[in-house]
2 protein chains.
Amino acid sequence: MSKLDESLLIGLPPFSRLERPQIREILDLAVPRRYDTGSAIFSEGAEAERFYLLLDGFIRVIRTTPTGEQIIALHIAPGQLFGIAPALQRDTYPAAAMAAADCIALSWPVRLWNDFIAKYDGFATETYRTVGERLGEMQTRIVDLATKAVEQRVAAALLRMVNQTGRKTEEGIEIAFPITRQNISDMTGTTLHTVSRLLSAWEKDGLVKSTRKHVVVTSPHGLMMLCGATD
Amino acid sequence: MSKLDESLLIGLPPFSRLERPQIREILDLAVPRRYDTGSAIFSEGAEAERFYLLLDGFIRVIRTTPTGEQIIALHIAPGQLFGIAPALQRDTYPAAAMAAADCIALSWPVRLWNDFIAKYDGFATETYRTVGERLGEMQTRIVDLATKAVEQRVAAALLRMVNQTGRKTEEGIEIAFPITRQNISDMTGTTLHTVSRLLSAWEKDGLVKSTRKHVVVTSPHGLMMLCGATD
DNA sequence: CGCCGTTTTGAGGGTTCTCAAACGGGGTGG
DNA sequence: CCACCCCGTTTGAGAACCCTCAAAACGGCG
């Protein structure tokens, strides 16, 4: 097995304050693995055995209800830690993670977590900053779900994805991973039918362009208008 | 000013592993204060200058939307830390806190946070456990808001409050702080009218009893039934 | 080329919101 | 001590929004 290159981790928030030799140590303890689109990395409620760092691809964090409906709690972009249950003293994962696109991720056994915290300056700090950001994002989502109409929620969801994982193209900004109407409805608590109708309407208005499993936002500003007020 | 008694902190999760002298140190650094019902402890977006421990009363954590609607993110019970922005490397509070009942709270300047983490065994661990629990609770709320009908959300909200802060009475279990229909609607993303109708219906069915600013759940089991499935 | 998963579009109905008005109880001030 | 006033609550009617059910078109992959 070839050694992982140190450049993979250099500059990423949790490791930004570390020197090369320390990064080497960390990499030597990591297990790299590939996950095909749609495959599960871990399941909700499962024993939290490892924590992960996404190198490439996109991860969907999914929560399932007792009645079988599922909602997408979060998307993880390359360079981010995920499955960090140990950071919160949990011994099971609170949600499932699946690959939204083909992914490469490193992972470490949870027993190393405390070592990392103790040994590597800035690792704890940066990690808890991430937790804080996700917590803030979740609060925003709660507020959105509680107060906004469906149209505004869908617009907000698109904007969030564009901001976090957008990729510029000549047409506009493209969401960088495959996404279906059903996926969007799972993020916003609505139905794929309503999402389809909204996207069709927006396409007519020149705000977005979409094909199968693929969305390009041509006018982020226009979507932002929709989020603000119904008027 | 009389010294605070050490028994205030003994046994509380963040301090459970500490010895008396350490608790003494912590108490001597704390500023105690009383907050009248309805008064603000801190505001959303404000500079995070202090972190708090609630000794008595109840705190509502509130997020306000650009359009002025507000939703209640969380309730804090006695013995819990709140305003712990520093734990997540934030320099502003992500939400406002107001006293839902008359409250007594201790507080410390944020610059002591890192000292506490470094100096007191278990403080970090227990605090992050709390963060983890709140994060899990928020995920559950997101799922509820996204998938459940209004009736189920209101039932779930009542049950959550009963579980976290319930007080047994001869009639049933009483929510331990003053709460209006409007408050409940702010927690569930609905209107006070709908909440009023639901409570009236449930009272007729013998599930709850309510007076002004006051709710007693007489049949938690019955409410749990409502949460599960609409059928 | 055929199948399956995704998307589109229509019609109808139900839940919940909005608007409106009146009631009740508790606290405050006279 | 009583009366008034304010805040919280109740209830009704109508409408809007979105979901459910249904069916067909589309496009990629084997």
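The values are calculated or read from the model by the stated rules, or taken from the named source; none is laboratory data. In this text, all values refer to a predicted model and were calculated from it rather than measured experimentally. Note that we place each Cβ from the backbone using ideal geometry, even for glycine, and neighbour counts take in every protein chain shown. Ligands, DNA and RNA are stripped out before the accessible areas are found, and what is left, the full protein with its side chains, is counted by its heavy atoms. Shrake-Rupley method; radii C 1.70, N 1.55, O 1.52, S 1.80 Å.
Within the same chain, lysines fewer than 8 places from A:Lys209 are excluded, and of the rest, those with a Cα less than 18 Å from its Cα are A:Lys168.
Only sites in a loop by DSSP and with at most 12 other Cβ atoms within 10 Å count here; which GluC sites (Glu not before Pro) in the stretch B:129-215 make the cut?
Details: sites: B:Glu133, B:Glu137, B:Glu151, B:Glu170, B:Glu171, B:Glu174, B:Glu203; in loops: B:Glu170, B:Glu171.
Those satisfying the criteria are B:Glu170, B:Glu171.
Between B:His221 and B:Glu203, the modelled labels are 2.4 nm apart [label points 7 Å from Cα along Cα→Cβ]. Here's the picture: charge each Lys and Arg Cβ at +1 and each Asp and Glu Cβ at -1 in chain B, and of B:Gln152, B:Ala101, B:Ala73 the one pushed furthest to the positive end of that dipole is B:Gln152.
Leaving ligands, DNA and RNA out of it, report the carbon-plus-sulfur percent of the accessible area of the protein assembly as shown at a 1.4 Å probe.
Numbers: 10800 of 21420 Å².
So the carbon and sulfur contribution to the accessible surface is 50 percent.
Leaving ligands and nucleic acids aside, the B/A contact buries around 2900 square angstrom of accessible area in total at a 1.4 Å probe radius.
Across the stretch B:76-83, computed HN-Hα scalar couplings (Karplus, 6.51 cos²θ - 1.76 cosθ + 1.60, θ = phi - 60°) run 10, 9, x, x, 9, 6, 8, x Hz from first to last residue, x flagging Gly and Pro.
Not counting the cut sites, what is the longest span of chain A without trypsin sites (Lys or Arg not before Pro) that DSSP labels loop and that have at most 13 other Cβ atoms within 10 Å?
Working: sites that count: A:Lys3, A:Arg17, A:Arg212, A:Lys213.
So the longest stretch without any such site is A:18-211.
Rounded to the nearest 20, the size of the Cβ-charge dipole of the stretch A:149-228 about its Cα centre is 160 debye, with Lys and Arg at +1 and Asp and Glu at -1.
Test of understanding: what is the full-extension gain from A:Lys213 to A:Leu29, defined as 0.36 nm times their sequence separation minus their Cα-Cα distance?
Working: separation 184, 0.36 × 184 = 66.24 nm, distance 3.65 nm.
62.6 nm is the gain from fully extending A:Lys213 to A:Leu29.
The label point for B:Asp102 and the one for B:Thr140, both projected 7 Å from the Cα toward the Cβ, are 3.2 nm apart. Close amide H pairs (under 5 Å, H built 1.01 Å from N) link B:Asp56 with B:Ile104, residues at least 5 positions away or on another chain. Projected onto planes of every orientation and averaged, the convex hull of the alpha-carbon atoms in the stretch B:149-228 covers 4.5 nm². Two tests apply to each whole DSSP H helix in chain B, Cα reach of 30 Å or more along its axis and mean Kyte-Doolittle hydropathy of at least -1.0, and the ones passing both are B:123-147. Considering all alpha-carbon pairs of the protein assembly as shown, what whole percent are spaced by more than 34 angstrom? Counting pairs separated by more than 34 Å, the tail of P(r) holds 40 percent.
Count charges around B:Asn163 for me, please; just the other residues with Cβ under 15 Å from its Cβ, Lys/Arg as +1, Asp/Glu as -1. Spell out each step's value before the answer.
On the way: positive: B:Arg134, B:Arg141, B:Arg160, B:Arg167, B:Lys168; negative: B:Glu133, B:Glu137, B:Asp144, B:Glu174.
Cβ neighbours under 15 Å give a net charge of +1.
Under the convention that each Lys and Arg Cβ holds +1 and each Asp and Glu Cβ holds -1, the size of the dipole of chain A around its Cα centre is about 240 debye.
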